Structure formats: C-alpha cells, structure tokens
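S.K.: Have a look at the structure that comes next, please.
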Amino acid sequence: MVGLKASVFTTFGPLSSPLLLLLMFLVTGNVQGGDSILDSSSTIFGADITSSASSTSCTNPLELNPIPGTYSGAYYTSYREKCTAKCNAEGYCCTKSTGLCGVVPCTEGCHIAFFSEDLDSCKAECAIANDQSSHCDYKSSSHSKVSTLGFHPAWPGTGVDKCLDKRDCGCSSDGGSGGDGDECTQNACIRGCELAHEANIRDSSFNGENADIDLAIGLSATDLRSAITSIRSHIDGSSNLSNVQLRAARDLFYTNSEFLEFDFESMDGAFGIVDAYESRYGGGMFINSRTDSNDGFPRDDSDDGYTLERIVLVVQQAILDNVYVGTNYQSRLHESIIENCQNYLRGRYWQTSIYFPGYVALPSDQSTTVHSISFTATVEKYWGREECFSQSPAIHATGLYLPPGGIA
C-alpha cells in the first residue's frame, strides 16, 4: 500500500465552463514494483459564491509590471531556435523536445541549458533526463514554463515523452540530414548543453533554475482590443474585411490572447465575438446557417468560405485557455481578474451546448448547493516492464455535471 491523493480534476477555482462539464477526480500515487492503491474517501463539490467580489474588481485592468528573473516568450524562442539550429547543423534532426529511443534530443539539451546554472549542471540534468528507469517520461518544473511556445508537444505539466516517432520531434520522414540515429544516443542532450555554451548564444542561456518565462512580456492589450474590434465589426457587418485582413486580425488576437485573463475589456470583447457570431448566423459553430449544410470544414485554412469560422474557433479556444483554465500557469507571476468575475461568467454558455448534450437550466439555488460523494479509488497493480503512461494518474468520473454557465 502506498500513498494516495485524490483531487477534483480542475486547475482553477471557481470552476466554470461555457459547455457541459463532467467533474472528474484524479487518483495519483507512486506505483512501483507492482504496488496497488486502494483507499476510500469523499470529496465535496459545491459553491459558495454569494460573497463574490464586486464587478469593479473584475473590470479593473491589471498593471503587469516586469518581474526580475523573468524572460519573454519571444526571448526564449529566439534562443531556442538558434541553439536548435546548431543541433540540426551537426545532424541532430529534432526541433522539438519529444525524444526517440528513450532519451531526450539535442534540442532538449538547449532547453535544459536555459534553466541551468552552468554547463556541468546542464550535463547532470541530461543524465537525469536520460535515466532509463523513467522509461518514456522526463518531467521537469521548467517544462510548464514554456509549454505553450511550441517546443514541447505534450500537455502542460506532463513533461517530455521520450518514446515517440521521429516525425513527432520535427525530423523529416527520412530522419533529416544526419538521420535520427544521433538523437538515439545519450550524448545528444549533452551536446545541446555544449552548443548552448558556445560564445555566440551563451549570454542567453544558463539563467538558473529559478528563471521564469512571462508570456505577458511584450504583449499589448491595446493590440488585442484592436483585433477584437476588427473581427467583431466584420461579423456585425459594419466592415467587410478580406480574408487577408481577417487573418491578420486573427494573428494579432492570438499573439496577445494571454491578456484575456488580465483585462476585462478584452475578455468581454472576446465573448462578444462568439455571441455576435451565434446571433447573426442562428446558432453555434457547425449547427448554424453557414455550417450545417455539410460535414464541417477542414482545419487547415484556405479561401473556402470558412475563414471566419476558423477565426471564431481560435477565439473560443483562447477563452477556454485563458479565462476558464488559463490561470493555472500565469497566476504564479501575475494576479488574474478571473476569480473576481464570477458574476460576469455565471450563466454564460455557447449555443453548441444546446445541441449537445442538450440544454440544462442552472438550478435556482446553485450559489449555495453542496454535493457530496463517496468513492473507492483504485490504481490497479501493474505487471511487467512499465510502458508509456503506466505511471499516469487514473481519472474517474464523479457522476456530477456542471451545467453550461454554472460555477462551482
């Protein structure tokens, strides 16, 4: 018997969603050598939102002052691309941190170097990353700091998978100029450290384990509001933007979308885009007058008449990432306004939730209702050599659902 931890599967309180949300709980434990976990406990889901903060706190934009020891996402990206290019020039073909053959690639050595004190500590961390006892997983606290920048194709908090295909790490199908064999050696990560230590990029690396990435540095709430205004005016019909202009507005919105959790005007404007789209075209995405006559549309953008729909999907995803769950990361660096916006978020839902799984009215006493459940949480005994995800937490449904627009 080893320790068990059970928790609500959410990253932020209050918990809310514009769609029907199934409440989950996570069961975690250090399961090794065939141990199993069995425990009985209870958890409580409910809400006490009668004392929600005033709307003034929600609507006041936050001043995001620079924090010592933090770097912008653009700064990290520029360094990482330069270091990765050095790896590629030597035949290490990966451009992302996903590993091959149970070891991490040269470009992950570049990442480790950014958060190391010196070359020796970088190489020492490479040894930890390549430790075969961890099999397919390598986890470091630094991964979550850069998880949205495109170099770590794993979910935030899950680290790097070392056992995927060469194409998952950015190599071409034939392995690139040097093939993928070089990436299958433990020296690949060490070489990344050494390349990061070269004179022309050394000043950008070796910032120490306490260095952090502040995604808000260099972003503009003004640009975000401008993009929102452009997209909204196109939907309303007050302007008629070309696809080129729409994509430029989309890119400007996406680049600065981290500000949604810090600036109420931007957050309200993003919700307004979705509301205006659903209102004008008579329903949610895929079930309105523009989209319900066929089987959807390709994800890749083209001049096929669905550029606006793809942009609205980008806005919806940004709302999910930065309003409903986005505070999981950035709240370490900056206070978020979201917790003070419960009254604004309560009752908000997207019309797709009416189509599936169906409309569910908010209970009149939702502000004070408390639900308790009892559960038995078990992680089955693992047999044989551990494989990928064998130590991942077990996720179980509670049988409780949060209606669209509800808060818990």
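The values are calculated or read from the model by the stated rules, or taken from the named source; none is laboratory data. Nothing here was measured: the structure is a model prediction, and the numbers come from that model. For neighbour counting, all protein chains shown are included, and Cβ atoms are generated from backbone atoms with ideal geometry for every residue, glycine included. Note: accessible area is taken over every heavy atom of the protein model, side chains too, but ligands, DNA and RNA are not part of it. Shrake-Rupley method; radii C 1.70, N 1.55, O 1.52, S 1.80 Å.
S.K.: Consider all pairwise Cα distances in the stretch 220-286 and report the whole-number % of them above 17 Å.
M.R.: Summing the P(r) tail past 17 Å for the stretch 220-286 gives 40 percent.
S.K.: Quick one: if you stick a label point 7 Å off each Cα along the C-beta vector at residue 128 and residue 63, how many nm between them?
M.R.: 3.8 nm
S.K.: Hey, another quick one. Quick check: pseudo-label points 7 Å beyond the Cα along Cα→Cβ at residue 355 and residue 117, how many nm apart are they?
M.R.: It works out to 5.6 nm between the two label points.
S.K.: Can I ask one more? Report the relative contact order of the stretch 228-279, percent, no decimals, based on alpha-carbon pairs under 8 angstrom and at least 6 residues apart.
M.R.: Contact order relative to length: 51 percent.
S.K.: Moving on. Find how much the distance from residue 255 to residue 343 grows on full extension, using 0.36 nm per residue of separation minus their present alpha carbon separation; answer in nm with one decimal.
M.R.: This chain segment gains 28.9 nm when fully extended.
S.K.: What FRET efficiency do you get for residue 248 and residue 397 if R0 is 60 Å and r is their Cβ-Cβ distance, rounded to the nearest 0.05?
M.R.: 0.90
S.K.: Turning to a different aspect of this structure: For the stretch 80-148, just the Cα set please: Rg and Dmax, both in angstrom.
M.R.: 11.5, 31
S.K.: Taking the solvent-accessible surface of protein heavy atoms with a 1.4 Å probe, what is the per residue accessible area of the stretch 206-359 in Å²?
M.R.: I get 46 Å² per residue for this part.
S.K.: For the stretch 260-352, divide the Cα radius of gyration by the Kirkwood radius and give the resulting Rg/Rh value with two decimals.
M.R.: Rounded to two decimals, Rg/Rh equals 1.03.
S.K.: While we're on this one: Run the reach check for residue 381 against lysines, Cα to Cα strictly under 21 Å, same-chain hits fewer than 8 apart removed. What comes back?
M.R.: Cross-link targets: 5.
S.K.: Students often check this: by mean Cβ neighbours within 10 Å, which of 117-125, 257-265 ranks highest, and how do the rest follow?
M.R.: Ranking the peptides 117-125, 257-265 by packing returns 257-265, 117-125.
S.K.: Roughly speaking, what % of Cα-Cα pairs in the stretch 274-319 are separated by over 12 Å, rounded to a whole number?
M.R.: So the pairs more than 12 Å apart make up 61 percent of the total in the stretch 274-319.
S.K.: Using 0.36 nm times the number of residues separating residue 268 and residue 236, minus their current alpha carbon distance, what extension gain do you get?
M.R.: Full extension of this stretch gives 9.9 nm more.
S.K.: With each pseudo-label sitting 7 Å past Cα toward Cβ, what's the residue 194-residue 89 distance in nm, one decimal?
M.R.: The two pseudo-label positions are separated by 1.5 nm.
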